[in-house]
Amino acid sequence: MAETIAFWSLAVVLVGSALAVVLSKNLFHSVLWLALALTGTAGVFLLLEAEFLAAVQLLLYAGGVVTIVVFAIVVTERLVGERITQTNRRITAGAVVALAFVAFVVNFISQQPLAATRQPLTADLTRALGEGVLTRFVLPFELLGVLMLAAMLGAIYFARPED
C-alpha cells in the first residue's frame, strides 16, 4: 500500500513538473522544474529497486546536466545582454499531439496482460548493467561519448565571443 502511494505521489510530481517545464515563461525556472522532474525519476527508479540507475539519474542528470544548462543560460544572457524568455508557440497543437499519444499508450497498455506479482531479483543488477555496457553495448556507449564530445565542441563554438 505504501509503495502504491509513493508511486502515485511521484507520478503527480513528475507530471506537474514536466508541465511546468513546458509552460513556464522563464527559462531559468524551466530548468529548475526539469531538475525536480529528473529527481522524481530517480525516485521511480528507487521504487523499482534500481538503486544504481537512481544514483546515476541524480548525479548525471539532476546534478550535471542541470548545472551545465544553468551555466549556459547565465553565459548566454551575458553575451546577448538581455533577459531570455521562453515562448510557447503552437501549444494547442502540442497538447493535441500529446493527448493523442497518451491515448495510444493507454490503449496499448490496457490490451496487455499485467503480472499480478513482481518477480524476485536473483542477480546483482549493477554488475549485469556494467557487464552489458562494457561488452554487448560497448559500441553505442562509445558513440554516445563521441556525440557528447561533438555537442560540447559545438557549444564552445557558439559561446565564444565574436572577434
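The values are calculated or read from the model by the stated rules, or taken from the named source; none is laboratory data. Since the model is a prediction, treat every value here as computed from it, not as a measurement. Neighbour counts run over all protein chains shown; Cβ positions are idealised from the backbone, glycine included. All accessible areas refer to the heavy atoms of the entire protein, side chains included, with ligands and DNA or RNA removed. Shrake-Rupley method; radii C 1.70, N 1.55, O 1.52, S 1.80 Å.
Some observations on this one:
- Test for Phe108: is it among the aromatic types (Phe, Trp, Tyr), surrounded by 10 or more Cβ atoms within 10 Å (Cβ to Cβ) and either under 23 Å from the mean Cα position of the chain (by Cα) or at pLDDT 85 or above (or both): no
- Count of residues meeting criterion [in a helix (DSSP H, G or I), open to solvent by less than 30 Å² (accessible area, probe 1.4 Å) and touching a residue at least 40 places away in the same chain (Cβ under 8 Å)] in region 20-67: 2
- Qualifying residue in region 8-19 (condition: at pLDDT 90 or above, at negative phi, exposed (fewer than 15 other Cβ atoms within 10 Å of the Cβ) and hydroxyl-bearing (Ser, Thr, Tyr)): yes
- Once region 122-139 is narrowed to residues that are more than 21 Å from Glu51 (Cα to Cα) and surrounded by fewer than 10 Cβ atoms within 10 Å (Cβ to Cβ), the residue that is farthest from the chain's Cα centre (by Cα) is Thr135.
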